[in-house]
1. When you check Gly31 against the structure, is it surrounded by 10 or more Cβ atoms within 10 Å (Cβ to Cβ), more than 26 Å from Arg62 (Cα to Cα) and not basic (Lys, Arg), yes or no?
2. Please enumerate the residues belonging to the range 34-60 that are loosely packed, with under 11 Cβ neighbours inside 10 Å and part of a helix (DSSP H, G or I).
3. Kindly check whether there is at least one residue in the range 1-12 that is modelled with pLDDT of 70 or more and in a loop (DSSP other than H, G, I, E, B).
Amino acid sequence: MQQIKGTVAELELTSLKTHLRAGIEAKAARGELKVLLPPGHFYDASGQLVMDPDKRVQQAIRSMFDVSCLCSTGKKAGGASSLLEDRPATDS
């Protein structure tokens, strides 16, 4: 009897997942699907994807990518903290 209950529960979960996935796909097809955005980005009132207007947020994101690029190319040694300390200030 337990095996039958477990099988039915598994079938219900599979069916539920299928219905949820179909709903997501239908929403995407209509252009209404909103996804979780990375930090520093958001949807404005008209639904357009925009960067945060706060210059400090934009600079922090740019700095993060600059440090990431430097670390991945191996231009400097010593970790991200030394990269931030040695970095000249920019007026972007």
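1. Spelling it out, it is not the case that Gly31 is surrounded by 10 or more Cβ atoms within 10 Å (Cβ to Cβ), more than 26 Å from Arg62 (Cα to Cα) and not basic (Lys, Arg).
2. The answer is Lys55, Arg56.
3. yes
The values are calculated or read from the model by the stated rules, or taken from the named source; none is laboratory data. A quick note: this is a predicted structure, and the numbers were derived from the prediction, not measured. Every residue, glycine as well, gets a Cβ built from its backbone with ideal geometry; the counts of neighbours run over all protein chains shown.
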